[in-house]
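To start, the structure itself, in structure tokens.
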Amino acid sequence: MKKKKSPRLRTVDKVKPPYLLNNFPKNFGLNLGREIVYLLATKGRPAIAGEEWEEMFSNCIGATWKPSNIGLDDVILGSCAWGAKTVKNINPSKAKKVRLISGRNSPIYSYGESNISIEADPMELGEQILTIWNERVSSLREKFKHLRTIVLVKSNDLSEVVVFEYDTIRYEPELFTWAWNKNKNLEGNDKITNSHKFTWQPHGSQFTIIEKLPSDFLIINIKLPNKLDKDLILDGIGFDNNWIKVSTSNG
């Protein structure tokens, strides 16, 4: 039997993305490194929150940063949109796969289900969870010809980070099997490889996707800067105590 080929899609082939997948624009790595060094010097602690990563990535590719409630189209450039994710790893360049928090998929809200417990049919519940995800992806693919997820894997001190992206896709429910684990969370496994792909937590409805790193991810190593002196910064901008007005209420 011949191996099935993926069909060519006219709309996707006709409208080109800003750049090929994981083939980042020139100086992208240098520009991102500069952004991280600046953050470390001004913030004083090695922490990059989700929105900070969205804005950094947007600046580095010349895109529009537009935080989204859905979380799949936070960065927009032409016909392409990205959802941005960050995850910690002790040694980012050695990571093989990452667990990405990918929204809250609530069958209670979307399907009017009652309180969900481990007595619920895992296969039926898993199908509902993936259907919620798929509807979000489909709604955005009506607006954008290309939909991607950009991931920042960061060390604890930000001395090393890894960047990669992948196409944000639908997941057909019939390709996965679901079961409750010992922690009373729902796990979805690929039927063919039996590999763990999804985790869903009944409390809070958090949906996690496990993603393998591609072979062509970007590694950025950073020399950690000293924190900028607060008084020097204030003197540099000409700060005066008259800038501050302190008062009390009459109550």
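The values are calculated or read from the model by the stated rules, or taken from the named source; none is laboratory data. All of these numbers come straight from a predicted model, not from anything done at the bench. When we count neighbours, we look across all protein chains shown, and the Cβ atoms used for this are built from the backbone with ideal geometry, even at glycine. What goes into the accessible areas is simple: the full protein's heavy atoms, side chains included, and nothing from ligands, DNA or RNA. Shrake-Rupley method; radii C 1.70, N 1.55, O 1.52, S 1.80 Å.
Looking at the stretch 232-250, which of the residues that are in a helix (DSSP H, G or I) and open to solvent by less than 100 Å² (accessible area, probe 1.4 Å) is nearest to Leu39 (Cα to Cα)?
Of everything passing the filter in the stretch 232-250, Ile233 is nearest to Leu39 (Cα to Cα).
For the stretch 201-222, how many residues meet the condition of being at pLDDT 95 or above and not β-branched (Val, Ile, Thr)?
The number of residues fulfilling the criteria is 8.
Taking into account only those residues within the stretch 204-230 that are within 18 Å of Leu39 (Cβ to Cβ) and in a loop (DSSP other than H, G, I, E, B), which is least open to solvent (accessible area, probe 1.4 Å)?
Ile222
Do we find that Ile76 is under 30 Å from Gly33 (Cα atoms), open to solvent by 60 Å² or more (accessible area, probe 1.4 Å) and either touching a residue at least 40 places away in the same chain (Cβ under 8 Å) or among the small types (Gly, Ala, Ser) (or both) in this structure? First the steps, then the outcome.
On the way: under 30 Å from Gly33 (Cα atoms): yes; open to solvent by 60 Å² or more (accessible area, probe 1.4 Å): no; either touching a residue at least 40 places away in the same chain (Cβ under 8 Å) or among the small types (Gly, Ala, Ser) (or both): yes.
Here the answer is no, as Ile76 does not meet what is asked.
Can you tell me which residue among Thr168, Thr86, Thr177 is hydroxyl-bearing (Ser, Thr, Tyr) and surrounded by fewer than 17 Cβ atoms within 10 Å (Cβ to Cβ)?
Checking each option against the conditions leaves just Thr177.
Report whether or not Asn105 is open to solvent by 20 Å² or more (accessible area, probe 1.4 Å), touching a residue at least 12 places away in the same chain (Cβ under 8 Å) and either farther than 16 Å from Tyr166 by Cβ or in contact with a Ser or Thr (Cβ under 8 Å, 6 or more places away or on another chain) (or both). Quick ask: steps written out before the conclusion?
Numbers: open to solvent by 20 Å² or more (accessible area, probe 1.4 Å): no; touching a residue at least 12 places away in the same chain (Cβ under 8 Å): yes; either farther than 16 Å from Tyr166 by Cβ or in contact with a Ser or Thr (Cβ under 8 Å, 6 or more places away or on another chain) (or both): yes.
No, not satisfied.
Tell me which residues, restricted to the stretch 180-195, are open to solvent by 50 Å² or more (accessible area, probe 1.4 Å) and either closer than 21 Å to Ser117 by Cα or in contact (Cβ under 8 Å) with a residue 60 or more places away in the chain (or both).
Trp180, Lys182, Asn183, Lys184, Glu187 - these are the residues of the stretch 180-195 that are open to solvent by 50 Å² or more (accessible area, probe 1.4 Å) and either closer than 21 Å to Ser117 by Cα or in contact (Cβ under 8 Å) with a residue 60 or more places away in the chain (or both).
Of all residues in the stretch 56-73, count the ones that are crowded, with 17+ Cβ neighbours inside 10 Å and over 11 Å from Arg148 (Cα atoms).
Adding up the residues that qualify gives 7.
Does Glu35 fit the bill of being part of a helix (DSSP H, G or I) and surrounded by 19 or more Cβ atoms within 10 Å (Cβ to Cβ)?
Values: part of a helix (DSSP H, G or I): yes; surrounded by 19 or more Cβ atoms within 10 Å (Cβ to Cβ): no.
Considered against the rule, which asks whether it is part of a helix (DSSP H, G or I) and surrounded by 19 or more Cβ atoms within 10 Å (Cβ to Cβ), Glu35 comes out as no.
Looking for whichever is at pLDDT 95 or above and either among the polar types (S, T, N, Q) or within 17 Å of the chain's Cα centre (by Cα) (or both) here; the options are Ser159, Ser114, Ser110. Which one fits?
Of the residues listed, the single one that is at pLDDT 95 or above and either among the polar types (S, T, N, Q) or within 17 Å of the chain's Cα centre (by Cα) (or both) is Ser159.
Checking Lys97 against (1) surrounded by 15 or more Cβ atoms within 10 Å (Cβ to Cβ); (2) in contact (Cβ under 8 Å) with a residue 60 or more places away in the chain, only one condition comes out false. Which one?
Going through (1) surrounded by 15 or more Cβ atoms within 10 Å (Cβ to Cβ); (2) in contact (Cβ under 8 Å) with a residue 60 or more places away in the chain one by one, Lys97 breaks only (1).
For the structure I just gave you, tell me whether Ser138 is out of contact with any Gly (no Cβ under 6 Å at 6 or more places or on another chain), surrounded by 13 or more Cβ atoms within 10 Å (Cβ to Cβ) and over 21 Å from Pro214 (Cβ atoms). Write out each step before concluding.
Details: out of contact with any Gly (no Cβ under 6 Å at 6 or more places or on another chain): yes; surrounded by 13 or more Cβ atoms within 10 Å (Cβ to Cβ): no; over 21 Å from Pro214 (Cβ atoms): yes.
So Ser138 does not fit the description; no.
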